[in-house]
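Quick notes on the structure that follows.
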Amino acid sequence: MTRNAYVALVTCFNDDETINFAATRAQARRQVEAGNDLMVCGTNGDFSALMFDEKVRLVEEIADEVAGRVRIIANAGCPSTYETVRLAQAFDKLGLAGTAVITPYFIACTQDGMVRHFSTVADAVTTPIYLYDIPARTQNHIEPETALKLAGHGNIRGIKDSGGATESVEAYLEVARQVPGFEVYCAPDHLVLWGLQQGCSGVISGLGNVAPDLLASIIRAFNASDIAAAEAAQENFAGLRKDLYALGFPPAMVKRALFTNDASVGLSRQPALLPDAAQDAAIREIMAARGLVQ
């Protein structure tokens, strides 16, 4: 099986916090040139700070920019099933490879509640649905037994595991072994190669925004069975992750690292924390040390 990498694309903002669509398109082009697929409206795309119509236009713009050259998954997850269905239906017209649905946030859900939530969304669209588990942010976790139930739905294709624990990836991979065609995507950037070796279909990476070619090189080397090259690229990628994420909230660090090369990326919508001068200097040093300054 040929593996692939999706990059959880950043959303660029102007100084007045409106979306800078031209700059976001430029970031998409960087990923296309590297050979990476795209996830739009994910955690690194500031999805929780975007309004409904902005999400729809953002995905439309990126789909237009990409023009079928790479695959796109867009996150439609909202706190309520009602809004999630409406957003997934808006995405359904855009020819995407999939629609991700993050677990509801703020609202505490039972496992039965999540089965109803995801099943209702999957029933309402034709685009394949990917479950999106990130319990540290949503406080709701898709248990492996729940994933197994949902994997039997004809329009639920797989899961993005952003939990960061190898145990959860292994549990979801067991679901994939029981349900042929169910895909598991590993998200933590220090586990890219490990996830591929365990049988994941690929990775969905936030750090790939900063180093698209390095991420792509892990995938290419693995697909070519050049494990030594894959291990070397993974070590470099994991080192970048460790250094950069030690400075603060990972999506904010990714955004600021991009900003050091291209101010059009902008900041994030408030109340996201703004890096200070000392933090910026540390980011530039990390980027320079790894040859990522443009």
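For the range 57-67, the Karplus equation 6.51 cos²θ - 1.76 cosθ + 1.60, evaluated at θ = phi - 60°, returns couplings of 5, 4, 5, 4, 5, 5, 4, 5, 5, 6, 6 Hz by residue, with Gly and Pro reported as x. In terms of other Cβ atoms within 10 Å, 268, 80 run from fewest to most in the order 80, 268. With θ taken as phi - 60° and the Karplus curve 6.51 cos²θ - 1.76 cosθ + 1.60 applied, the whole-hertz 3J(HN,Hα) list for the range 209-215 is 4, 7, 10, x, 5, 5, 4 Hz, x standing for glycine and proline. A compact globular protein would have a Cα radius of gyration near 2.2 N^0.38 Å; the ratio found for the range 1-103 is 1.01. As a calculated quantity, the FRET efficiency between residue 53 and residue 137 at R0 = 22 Å, using C-beta atoms, amounts to about 0.40. At q = 0.15, 0.16, 0.17 Å⁻¹ the log10 of I(q)/I(0) for the chain amounts to -1.17, -1.34, -1.51, computed by Debye summation with a single uniform scatterer per C-alpha, solvent ignored.
The order of 41, 109, 200, going from fewest to most other C-beta atoms within 10 Å of their C-beta, is 109, 200, 41.
Close Lys pairs in the chain, defined as Cα atoms under 25 Å apart and 8 or more places apart or on different chains, number 8. Per-residue Karplus couplings for the range 104-111, computed as 6.51 cos²θ - 1.76 cosθ + 1.60 with θ equal to phi - 60°, are listed in order as x, 10, 6, 8, 6, 10, 7, 5 Hz, Gly and Pro entered as x.
Taking amide H as placed 1.01 Å from N in the peptide plane, the amide H of residue 160 sits under 5 Å from that of 131, 132, 133, 185, each at least 5 places away or on another chain. Remark: 190, 117 ranked as 190, 117, counting other beta-carbon atoms within 10 Å and listing the fewest first.
Each value in this text was obtained by applying a stated rule to the coordinates, not by laboratory testing. Source: prediction; values computed, not measured. Glycine also receives a Cβ, built like all others from the backbone with ideal geometry; neighbour counts cover every protein chain displayed.
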